[in-house]
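Nothing in this text is a laboratory measurement; each read-out follows from the coordinates by a stated rule. As the structure is a computational prediction, the values presented were derived from the model and not from experiment. With ideal geometry, Cβ positions are generated from the backbone for all residues, glycine too; neighbour counts draw on all protein chains shown.
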Amino acid sequence: MLLSIPGVLNKDAVAALRCEIDAAEWVDGNATSGHQSALAKRNLQLPEDSPAGKNAGGLILDALERAPLFVAGALPLKVFPPLFNRYGEGHGFGMHVDNALRVRRDGGFRIRSDLSATLFLSEPEDYDGGELMVEDAYGVHAVKLGAGDLVLYPASSLHRVESITRGARVASFFWIQSMVRDDARRTLLFDMDMAIQTLAREVGQGHAQVVSLTGAYHNLLRMWIEV
Ligand code: NI
């Protein structure tokens, strides 16, 4: 499932975060990737131990906890501390898949990457190109969202970032280990959750059908959950 989640950060939060990270020291993005993806990658990143990056990453993790659509769609068990990239003119990232295991350099954190996330920190009108292209069973999807919006997609998807022809694209990116490993199961649970919430708004949270469907949702979750 490819899921766009608008407004994870509001515009004020984006501006404050950009202030902090724009002034930090950026390095060649290949310092952070495995050699397979290094072949195709041209961008800048904040080092994992960047104080500005750690601080900004903490703000993003807090915001994710307050984003119900993120929680419903990702069913997160562990979220990798957010990293930051900057694509300027001529930068891009060729077709690749993300590594199954993500380990922080200091060794203190490791997760299985079930989902990849990109949180856009530039407005789409500030750059040309830079679309995140994600392939799934239904074709190739071009994703270019507003500053503060997030996209979630299976980490197993083939994806790339189109070359930038004007301006710069700043984003945060990270991975999620989900409580439900299988994308099809996670998608089914998400669709069911959304349908129950819509029904609850129409007939009330305490309605017998809502209670019954909520029970069915949790029974499925109980079968599939890994914690
Ligand atoms: Ni990637």
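Can you give the local net charge around Met1? Use residues other than it whose beta-carbon is closer than 13 angstrom to its beta-carbon, Lys and Arg +1, Asp and Glu -1. Before the final figure, lay out the partial values.
Details: positive: Arg185, Arg186; negative: Asp114, Asp136, Asp182, Asp183, Asp191, Asp193.
Neighbourhood net charge equals -4.
Sequence-distant or interchain residues sharing an amide H contact under 5 Å with Val143, placed H: which?
Amide H neighbours of Val143, under 5 Å, 5+ apart: Leu132, Met133, Val134.
Quick check: the angle from helix 183-203's long axis to the longest principal axis of the chain, C-alpha only, nearest 10 degrees?
Result, in degrees: 60.
Where does the range 183-224 land on Rg/Rh, using Cα atoms and the Kirkwood Rh?
Details: Rg = 10.4 Å, Rh = 10.4 Å.
Result: Rg/Rh = 1.00.
Please check which bits of the range 174-192 a label hung off Met223 would reach, taking the label as a point 7 Å along Cα-to-C-beta and the cut-off as backbone N under 19 Å.
Residues 179-192 qualify, since their backbone N sits under 19 Å from the label point.
How many nm is it between the label spots at Val211 and Arg18, if each spot is 7 Å from the Cα in line with the beta carbon?
Computed distance between label sites Val211 and Arg18 equals 5.0 nm.
Over what distance in Å are the Cα centres of the range 61-112 and the range 137-184 separated?
Spelled out, the Cα-based centre of one part sits 10 Å from the other.
Just the number, please: Stokes-Einstein D of the range 116-227 in µm²/s, Kirkwood Rh from C-alpha pairs, 37 °C, 0.692 mPa s.
Working: Rh = 16.5 Å.
Calculated translational D: 199 µm²/s.
Expressed as an acute angle from 0 to 90° and rounded to the nearest 10, what is the orientation of the C-alpha long axis of helix 208-224 relative to the principal long axis of the chain?
50
What is the ratio of the Cα radius of gyration of the chain to 2.2 N^0.38 Å, where N is its residue count, to two decimals? Walk me through the numbers on the way to the answer.
Values: Rg = 18.2 Å, N = 227, 2.2 N^0.38 = 17.3 Å.
Relative to the rule-of-thumb radius for its length, the chain sits at 1.05.
Non-local amide H neighbours of Gly7 (under 5 Å, H modeled in plane, Pro and chain starts lacking H): which ones?
Asp149, Leu150
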